[in-house]
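Encoded as structure tokens, the structure appears first; notes follow it.
The values are calculated or read from the model by the stated rules, or taken from the named source; none is laboratory data. Since the model is a prediction, treat every value here as computed from it, not as a measurement. Cβ coordinates were reconstructed from backbone atoms using ideal geometry, including for glycine residues, and neighbour counts include every protein chain displayed.
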């Protein structure tokens, strides 16, 4: 019984040792196996050219017809035709607008030319008004003001003289009639008239004293203030008139220059529109295969039929792409996890999706570590296509295998 237990005790460690050695061997064998990375790619033409309407004034166009997708075309061959009705209408409207603009330009030029003459007249008129106002002010301050004061004082003095004369005459009459013993009725009348004259002269003197006082203290100072105010206002009006004339001249000059530039632009736009009208049939910029729509990183659009009859397109839109069937390259969208297994110059094997039995040798040409999308990186491979038929065409997909070096 002891012998059996001893045997079991010896066998158990031995088994564990053998098991550990086996796992370590498996790990070494697994590490020595090459790492295979498979990535989907697309065959891309090395040389291609996008086709756009490229018009400047015609922003929207309507497809009339086009060469079928996949057709082989030659440089200069018509490939896309556009409807001309809308463009002809736009051209007619532009020509009419230009004629109206030319008439407006002639009118603006005439108005600006006449502005110089009218402004001379307006300036001369403003100067006359200002000169007259200045003369009136100078006349008032140098002559009229003093004359008004003297006139008021002289009026008062004249009233005094009149009263003195009336009193003197009454005194003489009374003295003369007093010496007569008998006063006749006519003499009584004369004395009465003299007394009334004195009374009137005294009353007028009182009124003149009031008027003179008011004139010297109120009317004349008010008149002086009004003259100064009127002259100051006229100075301001004169300065404003001169400024307004100059600003109006500058404003009209700016408007005239603006009109000239606008007219020049209209002429240029019309000329460009006429050029656009001549190019409503697009020609192939080079030899190649015509693909409808734009190619994105070598891939054909998921929405074919973009050149169907009646389709409306823009002048900047990529309508078609001309590609050369040879040479081709392979473009990949690498996942970030695959970057560690791939390097520039590394070999690879490409298998076209449509012809999986073909194994095409490829080499990594370029690899960008700047992502082109979230978690995606650009990679380009050169590839040897061989002469097998049918030929690989741009836009076909493939599977690319990279074999990483085994770890030692």
message = One residue is enough: does the range 42-56 have a residue meeting the conditions surrounded by fewer than 15 Cβ atoms within 10 Å (Cβ to Cβ), over 29 Å from residue 318 (Cβ atoms) and touching a residue at least 12 places away in the same chain (Cβ under 8 Å)?
response = no
note = By residue number, the members of the range 385-408 that are within 21 Å of residue 46 (Cα to Cα) and either at pLDDT 95 or above or surrounded by 14 or more Cβ atoms within 10 Å (Cβ to Cβ) (or both) are 385, 392, 393, 394, 395, 396, 397, 398, 399, 400
query = Within the range 219-232, can one find any residue that is exposed (fewer than 14 other Cβ atoms within 10 Å of the Cβ), assigned by TED's automatic domain parsing to the domain that holds residue 165 and farther than 18 Å from residue 144 by Cβ?
reply = no
request  = Please state which of the following conditions residue 282 fails to meet, knowing it meets all the rest: (1) in a helix (DSSP H, G or I); (2) within 51 Å of the chain's Cα centre (by Cα).
outcome  = (1)
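Yes or no: residue 365 at pLDDT below 95 and assigned by TED's automatic domain parsing to the domain that holds residue 329?
Working: at pLDDT below 95: no; assigned by TED's automatic domain parsing to the domain that holds residue 329: yes.
Considered against the rule, which asks whether it is at pLDDT below 95 and assigned by TED's automatic domain parsing to the domain that holds residue 329, residue 365 comes out as no.
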task = Please tell me if residue 87 is over 26 Å from the mean Cα position of the chain (by Cα) and in a strand (DSSP E or B).
result = no
message = Residue pairs, Cβ under 7 Å, 6 or more apart or interchain, first in the range 109-121 and under 9 Å from residue 249 (Cβ atoms), second surrounded by 13 or more Cβ atoms within 10 Å (Cβ to Cβ) and modelled with pLDDT under 90. List them.
response = none
inquiry  = So, residue 245, is that one under 30 Å from residue 110 (Cα atoms), in the same structural domain as residue 123 (by TED's automatic domain parsing) and surrounded by 13 or more Cβ atoms within 10 Å (Cβ to Cβ) or not?
reply    = yes
request  = Could you check how many residues of the range 367-408 are more than 53 Å from the chain's Cα centre (by Cα) and not in a loop (DSSP other than H, G, I, E, B)?
outcome  = 4
